[in-house]
Amino acid sequence: PAWVAVRHQFLMLRGDLHQLRGEWADARDAFEQAVAVGAEGDESEVRAARLKLARSLRSLGELDSAEREASTALAGARDRIDRTHIADGLLALAGIAWARGDLDACERHAQEGLVGATGTAFLGQRANLLVALATAQASRGMLASAAGGIAEAQILYRDLGLRPARAIALANLAEILLLQGDVGSAWQAASDSLAEAAAAGHRVGDVTARDVRAG
């Protein structure tokens with residue numbers, strides 16, 4: 001029924017708003033309702049709600065529940081060959097693995113996601129997966145590989161016009177370059193990050209980039 005779709009969209013928007021505010025418990029509640037309402041309609045909508053619910057649960061530290069929701073969404077996406085939600089599901093699982101300190105699983109999920117995240121329709125997913133993989137690699141001391149992945153991700157964010165995400169990626173790239181001893185390139189990346197953060201009014205990217213330049 002039409003009212004189901006409208007109700008689902010309303011709950012998703014409400015959940016998104018709570019997430020933007022960092023109100024994770026309220027976001028969780030909204031997305032749980034969206035899953036329940038969406039279960040009566042479009043399966044793709046249910047998968048989208050489960051993945052957003054997984055993010056909220058992860059932010060609340062409820063990692064087992066987050067993994068269950070992400071895995072359920074991923075299984076459904078694979079059954080339907082839904083490439084968008086396959087990529088998003090693997091990204092969610094990579095983030096959960098990272099939160100657990102399981103670098104092997106984080107890297108494995110991110111790499112699997114990158115295999116399928118090809119083509120212009122998946123640039124956003126590819127950028128996010130590159131960041132997840134680079135984070136795991138940097139933690140292992142694989143700085144050259146991490147720098148390459150972050151560098152590719154920031155270009156994708158630039159092409160997509162995602163300035164806040166690019167600001168953070170550039171700041172992270174600057175940190176990795178600094179660890180490699182490439183002070184000049186690190187300074188340039190941090191400066192580019194500051195410019196992007198200022199244009200987007202993004203406080204987190206601004207603070208991170210300034211910290212790198214101060215270092």
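Counting only residues that are more than 14 Å from residue 145 (Cβ to Cβ) and acidic (Asp, Glu), which one in segment 96-111 is surrounded by the fewest Cβ atoms within 10 Å (Cβ to Cβ)?
104
Does at least one position in segment 115-136 carry a residue that is closer than 21 Å to residue 51 by Cα, charged (D, E, K, R) and either surrounded by fewer than 23 Cβ atoms within 10 Å (Cβ to Cβ) or modelled with pLDDT of 95 or more (or both)?
Yes.
Which of the following residues is under 25 Å from residue 43 (Cβ atoms) and open to solvent by less than 30 Å² (accessible area, probe 1.4 Å): 88, 64, 82?
None of the other options fit; the residue is 82.
Pairs, please: C-beta under 9 Å, at least 6 apart or cross-chain, first residue aliphatic (A, V, I, L, M) and in segment 79-108, second outside any helix (DSSP H, G or I)?
86/117; 87/117; 90/117; 91/117; 96/102; 99/61; 103/140
In segment 103-120, what count of residues is obtained for those that are part of a helix (DSSP H, G or I) and among the β-branched types (Val, Ile, Thr)?
Residues in segment 103-120 being part of a helix (DSSP H, G or I) and among the β-branched types (Val, Ile, Thr): 2 in total.
Residues of segment 1-33 being modelled with pLDDT under 95 and surrounded by 23 or more Cβ atoms within 10 Å (Cβ to Cβ), which ones?
Residue satisfying the conditions is 8 alone.
Among the residues of segment 137-151, what is the count of those that are buried (at least 23 other Cβ atoms within 10 Å of the Cβ) and aliphatic (A, V, I, L, M)?
3
Return the pair list, or none, for Cβ contacts closer than 9 Å from residues in segment 188-199 that are assigned to a helix (DSSP H, G or I) and surrounded by fewer than 22 Cβ atoms within 10 Å (Cβ to Cβ) to residues that are among the charged types (D, E, K, R) and modelled with pLDDT of 90 or more, at least 6 apart or on different chains.
192/166; 199/163
The values are calculated or read from the model by the stated rules, or taken from the named source; none is laboratory data. Just so it is clear, the structure is predicted and the values come from calculations on it, not from any experiment. Cβ sites come from the backbone with ideal geometry, for glycine too, and all protein chains shown count toward neighbours. Note: areas computed on protein heavy atoms with side chains; ligands, DNA, RNA excluded. Shrake-Rupley method; radii C 1.70, N 1.55, O 1.52, S 1.80 Å.
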